[in-house]
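Q: Here's a structure for you.
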Amino acid sequence: MCAQRLAWAITGSGHYLRESLAILQTLQDVDIYLSRAAAEIIRQYGFQAQLDATGHKVYQDKTASSVPVERFYEGVYHTLVISPATSNTIAKMAYGFSDSLVTNLFAQAGKTRVDSIVFACDTAPELESEAPRDHMVKVFPRQIDLENVSRLKLFADTAVVENMTDLQSAIMQRLVSLHDLSLHAGVQVTNHLID
Ligand SMILES: Cc1cc2nc3c(=O)[nH]c(=O)nc-3n(C[C@H](O)[C@H](O)[C@H](O)COP(=O)(O)O)c2cc1C
C-alpha cells in the first residue's frame, strides 16, 4: 500500500486553483493530471511556476482514449483528488460520462474501487472567485450546477468537499488511514512469522 501514489486532477477553473497548487506543494508521491482547459487556465493565470514548484510529474490530456488511466488497473493509485473541479467536469461525472482525461480518471477510479475526493467549484448560489490578473469576480452558480454537485455526493467511494480546509483534512485522513492499514498488515505478517 505504501508504494501506491495519489493522482490529482486539475480542471479549467480559476476558482481555488492557486490554493490547490499550494496544497499540492505539501504532498509527496503524487501525479498531476490536467484537463485541456486546465493547461490553458494555468498559463492564463501565470501559475506555471507554481505547478513546476510542486515537483510532481504532470500528465496532459492528449489522447482520445485517455491512455494514462490504465494506471488505475495497474494498482498505481490509492486515491484520486479532483480540485478544483469545474461545473463542466462535475456535470459529466455526475451523469457517468468519461470522454476526457479527468472524467475518465473519475470513472476508472470508481470502476477499480479507488476512493475519490472532489472539490467542486460550485459550492453555493453566490461565490467570490479569482479571475486572471489578481482580481476577484462574483459568480452565481445555476440551479443545475448545484444539483449536479448534490448528485455527485451520492456516488460510492466519493467524498465531495466544500472548501480547502475540508479538502486538506480529507486528504490527510485518507493518508493516515492508508498508513495505519499498511502498519496493520505489517503487524499481521510479523505475527504470522512468530506463529
Ligand atoms: C479565466 C477562466 C476562468 C474559469 N474559471 C472557471 C471556474 O472557476 N469554474 C468553472 O466551472 N469554469 C471555469 N471556467 C470555464 C472552464 O474552463 C470551461 O468550462 C472548460 O470547458 C472546462 O473544461 P474541463 O472541465 O474539461 O476542465 C473558466 C474559464 C476561463 C477562461
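Q: In this structure, is residue 177 surrounded by fewer than 19 Cβ atoms within 10 Å (Cβ to Cβ) and under 22 Å from residue 38 (Cβ atoms)?
A: no
Q: Ok, one more. Within segment 127-163, how many residues are under 11 Å from residue 90 (Cβ atoms), within 12 Å of the ligand (Cβ to nearest atom) and assigned to a loop (DSSP other than H, G, I, E, B)?
A: The total comes to 1.
Q: Same structure, new question: In segment 12-46, how many are more than 8 Å from the ligand (Cβ to nearest atom), more than 20 Å from residue 163 (Cβ to Cβ) and not acidic (Asp, Glu)?
A: Counting residues in segment 12-46 that are more than 8 Å from the ligand (Cβ to nearest atom), more than 20 Å from residue 163 (Cβ to Cβ) and not acidic (Asp, Glu) gives 9.
Q: Give segment 117-149 a look and list any residue that's of a type in the set (A, V, I, L, M), touching a Phe, Trp or Tyr at 6+ places or on another chain (Cβ under 9 Å) and surrounded by 17 or more Cβ atoms within 10 Å (Cβ to Cβ), or say none.
A: If the condition is that a residue be of a type in the set (A, V, I, L, M), touching a Phe, Trp or Tyr at 6+ places or on another chain (Cβ under 9 Å) and surrounded by 17 or more Cβ atoms within 10 Å (Cβ to Cβ), then 118 is the only one that fits.
Q: Which members of segment 60-87 meet the condition of being of a type outside the set (A, V, I, L, M), surrounded by fewer than 19 Cβ atoms within 10 Å (Cβ to Cβ) and within 30 Å of residue 181 (Cβ to Cβ)?
A: Those that are of a type outside the set (A, V, I, L, M), surrounded by fewer than 19 Cβ atoms within 10 Å (Cβ to Cβ) and within 30 Å of residue 181 (Cβ to Cβ): 70, 71, 73, 74, 75.
Q: Answer yes or no: is there a residue in segment 71-82 that is free of Cβ contacts under 8 Å to residues at least 40 places away in the same chain, more than 15 Å from the ligand (Cβ to nearest atom) and more than 30 Å from residue 140 (Cα to Cα).
A: yes
Q: Can I ask one more? If only one of 78, 56 is out of contact with any Ser or Thr (no Cβ under 8 Å at 6 or more places or on another chain) and under 17 Å from residue 170 (Cα atoms), which one is it?
A: 78
Since every read-out is calculated from the coordinates, none of them should be taken as a lab result. This one's a predicted model, so the numbers in the text were calculated from it and none came from an experiment. FYI the Cβ positions are ideal-geometry reconstructions off the backbone, even for glycines, and counts take in every protein chain you see.
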